1. Here are a few candidate values for Kirkwood radius over Cα pairs in Å: (1) 12.7; (2) 14.7; (3) 11.1. Which one was actually calculated from the structure I just gave you?
2. Taking the Cα centre of region 2-46 as the origin, how large is its charge dipole in debye, to the nearest 20, when only Lys and Arg (+1) and Asp and Glu (-1) carry charge on their Cβ atoms?
3. Loop only per DSSP, at most 16 neighbouring Cβ atoms within 10 Å: give me the trypsin sites (Lys or Arg not before Pro) in the chain, ordered by residue number.
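Bear in mind that the values in this text are calculations on the coordinates, not laboratory data. Because the structure is a prediction, the values reported are computed rather than measured. Cβ placement follows ideal geometry from the backbone for every residue including glycine, while neighbour counts extend to all protein chains displayed.
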Amino acid sequence: MRAVRLAPDTVHLTFDTDHNGRCAHRSSLWRRTGRQWLLHFHQGTLYDPDAVTGG
């Protein structure tokens, strides 16, 4: 998981998941309101871990 603080009350998280062989890149934007963190945006993009990447 990677976290980038965009502002004192805003964090962008990126991470990968694997649920029963379905892999996804995930991105979430969290904002602190008072004492709690609230999810404001989330995106998941499926990917094939066996696919060859350029390089």
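1. Here the calculated entry is (1).
2. Details: 7 positive and 3 negative charges, 35 e Å.
The dipole of region 2-46 has a size of about 160 debye.
3. Values: sites: R2, R5, R22, R26, R31, R32, R35; in loops: R35.
Of the trypsin sites (Lys or Arg not before Pro), the ones in loops of the chain whose Cβ has at most 16 other Cβ atoms within 10 Å are R35.
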